[in-house]
(Lines give C-alpha, C1' and ligand atoms only; values in the text may rest on other atoms or scores of the structure.)
Protein backbone atom coordinates (compact mmCIF):
# COMPACT_ATOMS: atom_id res chain seq x y z
CA UNK A 1 0.00 0.00 0.00
CA UNK A 2 1.26 3.45 -0.88
CA UNK A 3 1.70 6.30 1.54
CA UNK A 4 -1.40 8.14 0.36
CA UNK A 5 -3.61 5.08 0.76
CA UNK A 6 -2.31 4.39 4.26
CA UNK A 7 -2.91 7.98 5.32
CA UNK A 8 -6.37 7.79 3.76
CA UNK A 9 -7.02 4.60 5.72
CA UNK A 10 -6.23 6.35 9.00
CA UNK A 11 -8.32 9.39 8.10
CA UNK A 12 -11.26 7.21 7.05
CA UNK A 13 -11.47 5.97 10.63
CA UNK A 14 -12.10 9.47 11.94
CA UNK A 15 -15.80 10.11 12.23
CA UNK A 16 -17.25 13.07 10.40
CA UNK A 17 -20.70 14.25 11.36
CA UNK A 18 -23.43 14.41 8.76
CA UNK A 19 -23.38 18.09 7.93
CA UNK A 20 -25.39 19.87 5.23
CA UNK A 21 -23.60 20.98 2.09
CA UNK A 22 -22.45 24.56 2.09
CA UNK A 23 -19.84 26.64 0.32
CA UNK A 24 -18.29 30.09 0.35
CA UNK A 25 -20.93 32.81 0.24
CA UNK A 26 -23.58 30.85 2.11
CA UNK A 27 -24.96 32.20 5.36
CA UNK A 28 -24.98 29.46 7.97
CA UNK A 29 -25.61 29.07 11.69
CA UNK A 30 -23.25 26.83 13.64
CA UNK A 31 -24.60 25.50 16.89
CA UNK A 32 -21.63 24.58 19.02
CA UNK A 33 -21.20 23.32 22.52
CA UNK A 34 -19.54 25.46 25.13
CA UNK A 35 -18.19 23.96 28.30
CA UNK A 36 -18.40 26.16 31.38
CA UNK A 37 -16.94 24.27 34.29
CA UNK A 38 -18.90 21.04 34.24
CA UNK A 39 -21.94 22.49 32.44
CA UNK A 40 -22.44 22.34 28.73
CA UNK A 41 -24.60 24.68 26.72
CA UNK A 42 -25.18 25.53 23.08
CA UNK A 43 -24.19 28.74 21.40
CA UNK A 44 -24.96 29.97 17.89
CA UNK A 45 -22.59 31.60 15.48
CA UNK A 46 -24.29 32.96 12.39
CA UNK A 47 -22.39 34.44 9.51
CA UNK A 48 -21.12 34.18 5.96
CA UNK A 49 -18.80 31.32 4.99
CA UNK A 50 -15.57 32.84 3.68
CA UNK A 51 -13.76 29.67 2.70
CA UNK A 52 -13.40 25.97 3.16
CA UNK A 53 -9.83 24.73 3.54
CA UNK A 54 -8.40 21.24 3.21
CA UNK A 55 -10.14 17.97 2.73
CA UNK A 56 -11.24 14.88 4.60
CA UNK A 57 -11.57 14.99 8.37
CA UNK A 58 -9.00 17.78 8.72
CA UNK A 59 -11.05 20.24 6.67
CA UNK A 60 -11.89 23.59 8.26
CA UNK A 61 -14.19 26.46 7.35
CA UNK A 62 -14.18 30.16 8.20
CA UNK A 63 -17.29 32.12 9.11
CA UNK A 64 -17.49 35.91 9.31
CA UNK A 65 -20.10 38.01 11.01
CA UNK A 66 -20.41 41.65 12.04
CA UNK A 67 -20.86 41.92 15.76
CA UNK A 68 -21.51 45.43 17.14
CA UNK A 69 -19.77 47.00 14.14
CA UNK A 70 -16.69 44.80 14.45
CA UNK A 71 -15.97 42.00 12.02
CA UNK A 72 -15.60 38.66 13.83
CA UNK A 73 -14.25 35.56 12.14
CA UNK A 74 -14.20 32.05 13.48
CA UNK A 75 -12.56 28.93 12.10
CA UNK A 76 -14.23 25.59 12.79
CA UNK A 77 -12.69 22.18 12.09
CA UNK A 78 -15.29 20.11 10.27
CA UNK A 79 -14.81 17.07 12.51
CA UNK A 80 -14.88 19.05 15.74
CA UNK A 81 -16.89 17.24 18.43
CA UNK A 82 -18.16 20.61 19.64
CA UNK A 83 -20.23 21.26 16.52
CA UNK A 84 -23.78 20.21 17.36
CA UNK A 85 -25.56 21.25 14.19
CA UNK A 86 -25.17 23.42 11.12
CA UNK A 87 -28.15 25.22 9.60
CA UNK A 88 -27.89 26.73 6.13
CA UNK A 89 -29.84 30.00 6.18
CA UNK A 90 -29.07 31.38 2.73
CA UNK A 91 -27.36 30.19 -0.42
CA UNK A 92 -25.17 32.97 -1.72
CA UNK A 93 -24.26 33.47 -5.37
CA UNK A 94 -20.53 34.21 -5.45
CA UNK A 95 -17.96 33.60 -8.15
CA UNK A 96 -15.05 32.75 -5.89
CA UNK A 97 -14.17 29.85 -3.59
CA UNK A 98 -12.61 32.28 -1.11
CA UNK A 99 -14.46 35.54 -0.69
CA UNK A 100 -11.90 37.55 1.25
CA UNK A 101 -13.00 40.70 -0.61
CA UNK A 102 -15.88 40.77 1.86
CA UNK A 103 -13.48 41.89 4.59
CA UNK A 104 -12.95 45.21 2.91
CA UNK A 105 -16.66 45.91 2.42
CA UNK A 106 -19.18 47.29 4.91
CA UNK A 107 -22.88 47.91 5.09
CA UNK A 108 -24.86 47.74 1.86
CA UNK A 109 -21.76 46.90 -0.21
CA UNK A 110 -21.16 43.78 1.85
CA UNK A 111 -24.37 42.14 0.70
CA UNK A 112 -24.25 38.86 -1.19
CA UNK A 113 -26.75 38.05 -3.91
CA UNK A 114 -28.93 35.08 -3.10
CA UNK A 115 -28.71 32.10 -5.38
CA UNK A 116 -31.64 31.55 -7.76
CA UNK A 117 -32.53 27.96 -8.55
CA UNK B 1 14.12 -1.60 25.49
CA UNK B 2 12.14 -2.87 22.57
CA UNK B 3 11.66 -1.35 19.19
CA UNK B 4 10.80 -1.52 15.53
CA UNK B 5 11.79 0.03 12.24
CA UNK B 6 9.12 2.15 10.56
CA UNK B 7 8.38 4.50 7.73
CA UNK B 8 6.92 7.99 8.00
CA UNK B 9 3.62 8.18 6.12
CA UNK B 10 2.40 11.69 6.82
CA UNK B 11 0.60 13.89 9.29
CA UNK B 12 -3.05 14.37 10.19
CA UNK B 13 -5.01 15.42 13.25
CA UNK B 14 -7.33 13.65 15.64
CA UNK B 15 -9.74 14.95 18.27
CA UNK B 16 -9.20 13.39 21.70
CA UNK B 17 -11.86 12.72 24.34
CA UNK B 18 -11.43 16.21 25.79
CA UNK B 19 -12.19 17.70 22.39
CA UNK B 20 -8.64 18.86 21.75
CA UNK B 21 -7.38 18.73 18.17
CA UNK B 22 -4.14 16.77 18.38
CA UNK B 23 -1.59 16.90 15.53
CA UNK B 24 -0.44 13.36 14.78
CA UNK B 25 2.08 11.53 12.63
CA UNK B 26 1.13 8.30 10.89
CA UNK B 27 3.92 5.71 10.87
CA UNK B 28 3.97 2.36 9.12
CA UNK B 29 5.73 0.25 11.77
CA UNK B 30 6.96 -3.19 10.92
CA UNK B 31 6.54 -6.07 10.42
CA UNK B 32 10.24 -6.49 11.16
CA UNK B 33 12.16 -9.77 10.90
CA UNK B 34 14.98 -10.77 13.22
CA UNK B 35 17.75 -11.46 10.72
CA UNK B 36 20.57 -11.95 13.21
CA UNK B 37 21.00 -12.49 16.93
CA UNK B 38 24.37 -11.36 18.21
CA UNK B 39 25.78 -12.67 21.46
CA UNK B 40 28.84 -12.15 23.61
CA UNK B 41 30.51 -15.42 22.61
CA UNK B 42 30.67 -14.80 18.88
CA UNK B 43 30.26 -11.04 18.52
CA UNK B 44 31.45 -9.61 21.82
CA UNK B 45 28.13 -7.92 22.59
CA UNK B 46 24.43 -8.68 22.68
CA UNK B 47 22.05 -7.30 20.08
CA UNK B 48 19.37 -8.31 17.66
CA UNK B 49 19.25 -7.20 14.06
CA UNK B 50 15.86 -6.24 12.62
CA UNK B 51 15.07 -5.84 8.93
CA UNK B 52 12.22 -3.90 7.33
CA UNK B 53 11.01 -2.71 3.94
CA UNK B 54 10.67 -4.31 0.52
CA UNK B 55 13.69 -4.56 -1.78
CA UNK B 56 14.10 -6.11 -5.20
CA UNK B 57 16.24 -9.20 -5.40
CA UNK B 58 18.30 -7.86 -8.33
CA UNK B 59 19.10 -4.76 -6.30
CA UNK B 60 20.58 -6.86 -3.50
CA UNK B 61 24.17 -8.05 -3.34
CA UNK B 62 24.86 -11.78 -3.24
CA UNK B 63 26.31 -11.47 0.24
CA UNK B 64 23.12 -9.89 1.55
CA UNK B 65 20.95 -12.39 -0.34
CA UNK B 66 22.70 -15.15 1.57
CA UNK B 67 22.18 -13.28 4.82
CA UNK B 68 18.44 -13.02 4.19
CA UNK B 69 18.21 -16.59 2.90
CA UNK B 70 19.52 -17.75 6.28
CA UNK B 71 16.50 -16.20 7.96
CA UNK B 72 14.36 -17.39 4.99
CA UNK B 73 12.91 -13.94 4.22
CA UNK B 74 12.74 -11.81 1.10
CA UNK B 75 15.44 -9.09 0.84
CA UNK B 76 14.79 -6.09 3.06
CA UNK B 77 15.76 -2.48 2.61
CA UNK B 78 16.76 -1.42 6.08
CA UNK B 79 18.63 -3.34 8.74
CA UNK B 80 19.19 -2.00 12.20
CA UNK B 81 20.69 -3.37 15.40
CA UNK B 82 18.86 -3.05 18.68
CA UNK B 83 20.86 -3.59 21.85
CA UNK B 84 19.53 -4.38 25.32
CA UNK B 85 16.29 -5.81 23.96
CA UNK B 86 13.85 -6.59 26.77
CA UNK B 87 14.13 -10.02 28.33
CA UNK B 88 10.41 -10.55 27.98
CA UNK B 89 10.70 -9.81 24.30
CA UNK B 90 13.81 -11.94 23.85
CA UNK B 91 13.63 -12.82 20.20
CA UNK B 92 14.96 -15.70 18.21
CA UNK B 93 16.38 -15.81 14.72
CA UNK B 94 13.63 -15.46 12.11
CA UNK B 95 10.99 -14.09 14.47
CA UNK B 96 8.62 -11.43 13.16
CA UNK B 97 7.87 -8.35 15.26
CA UNK B 98 4.77 -6.27 14.65
CA UNK B 99 3.15 -3.19 16.17
CA UNK B 100 1.66 -5.50 18.81
CA UNK B 101 4.75 -4.88 20.95
CA UNK B 102 3.44 -1.35 21.62
CA UNK B 103 0.41 -0.40 23.70
CA UNK B 104 -1.88 2.54 23.02
CA UNK B 105 -1.17 5.46 25.33
CA UNK B 106 2.44 4.65 26.13
CA UNK B 107 5.40 6.82 25.20
CA UNK B 108 8.05 5.98 22.62
CA UNK B 109 11.15 7.62 21.18
CA UNK B 110 11.42 8.11 17.43
CA UNK B 111 14.76 8.49 15.63
CA UNK B 112 15.00 9.80 12.09
CA UNK B 113 17.08 11.91 9.73
CA UNK B 114 15.92 15.51 9.58
CA UNK B 115 15.20 17.29 6.30
CA UNK B 116 18.30 18.86 4.77
CA UNK B 117 18.14 22.66 4.70
CA UNK B 118 21.38 23.33 2.79
CA UNK B 119 23.83 26.10 3.72
CA UNK B 120 22.05 28.35 6.20
CA UNK B 121 22.97 31.45 8.15
CA UNK B 122 23.08 31.75 11.92
CA UNK B 123 19.57 33.20 12.23
CA UNK B 124 17.92 30.07 10.84
CA UNK B 125 20.54 27.61 12.03
CA UNK B 126 21.01 28.71 15.64
CA UNK B 127 18.20 31.16 16.25
CA UNK B 128 20.42 34.26 16.44
CA UNK B 129 18.40 37.44 16.47
CA UNK B 130 20.39 39.33 13.82
CA UNK B 131 20.34 43.11 14.01
CA UNK B 132 16.94 44.24 15.17
CA UNK B 133 16.67 47.42 13.17
CA UNK B 134 16.36 47.93 9.45
CA UNK B 135 16.95 51.66 9.89
CA UNK B 136 19.21 53.84 12.12
CA UNK B 137 22.09 53.69 9.70
CA UNK B 138 22.08 49.91 9.41
CA UNK B 139 22.10 48.72 5.82
CA UNK B 140 23.25 45.15 5.20
CA UNK B 141 23.71 43.45 8.58
CA UNK B 142 20.14 42.30 9.21
CA UNK B 143 20.97 38.62 9.60
CA UNK B 144 24.68 38.90 10.48
CA UNK B 145 26.13 36.91 13.40
CA UNK B 146 27.93 39.89 15.03
CA UNK B 147 31.26 39.50 16.80
CA UNK B 148 32.81 36.03 16.88
CA UNK B 149 35.40 36.81 19.52
CA UNK B 150 37.74 39.36 21.12
CA UNK B 151 40.81 40.84 19.42
CA UNK B 152 44.31 40.69 20.94
CA UNK B 153 43.31 38.16 23.54
CA UNK B 154 42.66 35.34 22.62
CA UNK B 155 43.56 36.37 19.05
CA UNK B 156 41.73 33.37 17.70
CA UNK B 157 38.18 32.09 17.27
CA UNK B 158 37.14 29.50 19.82
CA UNK B 159 36.37 26.00 18.62
CA UNK B 160 32.68 25.27 18.29
CA UNK B 161 31.75 28.91 17.59
CA UNK B 162 28.29 28.85 16.04
CA UNK B 163 28.48 30.05 12.45
CA UNK B 164 26.73 29.58 9.13
CA UNK B 165 26.92 26.14 7.54
CA UNK B 166 25.11 23.03 6.48
CA UNK B 167 21.86 22.53 8.38
CA UNK B 168 19.63 19.52 8.74
CA UNK B 169 20.09 16.03 7.27
CA UNK B 170 21.28 14.71 10.62
CA UNK B 171 20.12 12.14 13.11
CA UNK B 172 17.40 13.52 15.37
CA UNK B 173 15.65 11.75 18.20
CA UNK B 174 12.22 12.85 19.38
CA UNK B 175 11.61 11.57 22.88
CA UNK B 176 8.37 10.74 24.68
CA UNK B 177 5.88 10.76 21.83
CA UNK B 178 2.57 9.38 22.98
CA UNK B 179 0.98 6.59 20.96
CA UNK B 180 -2.51 7.79 20.06
CA UNK B 181 -3.69 4.85 18.04
CA UNK B 182 -2.57 1.45 16.80
CA UNK B 183 -4.09 -0.18 13.73
CA UNK B 184 -2.62 -3.71 13.72
CA UNK B 185 -4.20 -4.89 10.45
CA UNK B 186 -2.28 -2.25 8.48
CA UNK B 187 0.75 -2.07 10.81
CA UNK B 188 -0.04 1.57 11.48
CA UNK B 189 1.08 3.56 14.49
CA UNK B 190 -0.25 7.06 15.11
CA UNK B 191 1.88 9.15 17.45
CA UNK B 192 1.28 12.59 18.92
CA UNK B 193 3.36 15.38 17.41
CA UNK B 194 5.88 15.45 14.61
CA UNK B 195 8.83 13.21 13.76
CA UNK B 196 12.00 14.17 11.85
CA UNK B 197 12.40 13.73 8.11
CA UNK B 198 10.27 13.85 4.98
CA UNK B 199 7.34 11.53 4.31
CA UNK B 200 8.58 8.10 3.26
CA UNK B 201 11.77 8.27 5.32
CA UNK B 202 12.74 5.44 7.62
CA UNK B 203 12.46 5.74 11.38
CA UNK B 204 13.61 3.82 14.42
CA UNK B 205 10.95 3.42 17.09
CA UNK B 206 12.19 2.72 20.60
CA UNK B 207 10.35 2.01 23.78
CA UNK B 208 12.35 2.24 26.98
CA UNK B 209 10.70 0.70 29.98
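The values are calculated or read from the model by the stated rules, or taken from the named source; none is laboratory data. Treat the numbers as computed from the prediction; the structure is a model and nothing was measured. Here Cβ is always computed from backbone atoms with ideal geometry, including for glycine, and neighbour counts include all displayed protein chains.
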Test: residue in the stretch B:119-138 that is part of a strand (DSSP E or B) and within 30 Å of residue A:4 (Cα to Cα): no
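Rundown of residues vs (1) outside the structural domain of residue B:203 (by TED's automatic domain parsing); (2) assigned to a strand (DSSP E or B); (3) within 30 Å of residue A:12 (Cα to Cα), yes/no style:
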{"position": "B:4", "(1), (2), (3)": "no, yes, yes"}
{"position": "B:19", "(1), (2), (3)": "no, no, yes"}
{"position": "B:49", "(1), (2), (3)": "yes, yes, no"}
{"position": "B:65", "(1), (2), (3)": "yes, no, no"}
{"position": "B:69", "(1), (2), (3)": "yes, no, no"}
Considering only residues that are away from every other protein chain (no Cβ under 11 Å) and more than 14 Å from the chain's Cα centre (by Cα), look in the stretch B:1-31 and name the one that is farthest from residue B:53 (Cα to Cα). B:22
Within the stretch B:20-36, which residues are touching a strand residue (DSSP E or B) at 6+ places or on another chain (Cβ under 8 Å) and under 17 Å from residue A:60 (Cα atoms)? B:21, B:22, B:23, B:24
What is the residue count in the stretch A:77-87 for residues that are more than 12 Å from residue A:43 (Cβ to Cβ) and within 14 Å of chain B (Cβ to nearest Cβ)? 5
If you scan the stretch B:107-157, which residues turn out to be farther than 30 Å from residue B:7 by Cβ, surrounded by 12 or more Cβ atoms within 10 Å (Cβ to Cβ) and within 35 Å of the chain's Cα centre (by Cα)? B:121, B:122, B:123, B:126, B:128, B:130, B:131, B:142, B:143, B:144, B:145
In the stretch A:1-41, which residues are surrounded by 11 or more Cβ atoms within 10 Å (Cβ to Cβ), at negative phi and away from chain B (no Cβ under 13 Å)? A:19, A:22, A:23, A:24, A:26, A:27, A:28, A:29, A:30, A:31
Select, from A:109, A:85, the only residue that is modelled with pLDDT under 90 and assigned to a strand (DSSP E or B). A:85
Subset of the stretch B:166-185 [more than 11 Å from the chain's Cα centre (by Cα) and surrounded by 15 or more Cβ atoms within 10 Å (Cβ to Cβ)]: B:167, B:168, B:177, B:178, B:179, B:180, B:181, B:182, B:183
Quick one: count up the residues across the stretch B:166-209 that are part of a strand (DSSP E or B) and either out of contact with any helix residue (DSSP H, G or I) (no Cβ under 7 Å at 6 or more places or on another chain) or under 27 Å from residue B:51 (Cβ atoms) (or both). 25
Within the stretch A:35-59, how many residues turn out to be touching a residue at least 12 places away in the same chain (Cβ under 8 Å) and under 22 Å from residue A:89 (Cβ atoms)? 12
Quick one: residue B:85 ticks every box in (1) out of contact with any helix residue (DSSP H, G or I) (no Cβ under 9 Å at 6 or more places or on another chain); (2) within 14 Å of chain A (Cβ to nearest Cβ); (3) in contact (Cβ under 8 Å) with a residue 24 or more places away in the chain except a single one, so which number is it? (2)
Output the number of the condition that residue A:79 fails; it satisfies all remaining conditions of (1) assigned to a loop (DSSP other than H, G, I, E, B); (2) surrounded by 18 or more Cβ atoms within 10 Å (Cβ to Cβ); (3) out of contact with any helix residue (DSSP H, G or I) (no Cβ under 6 Å at 6 or more places or on another chain). (3)
Against the conditions (1) closer than 30 Å to residue B:191 by Cα; (2) away from chain B (no Cβ under 14 Å), where does residue A:102 fall short? Just the number, please. (1)
Using the structure shown, decide if residue A:62 is in contact (Cβ under 8 Å) with a residue 12 or more places away in the chain, surrounded by 13 or more Cβ atoms within 10 Å (Cβ to Cβ) and away from every other protein chain (no Cβ under 11 Å). yes
Could you tell me whether residue A:73 is within 14 Å of chain B (Cβ to nearest Cβ) and assigned to a strand (DSSP E or B)? no
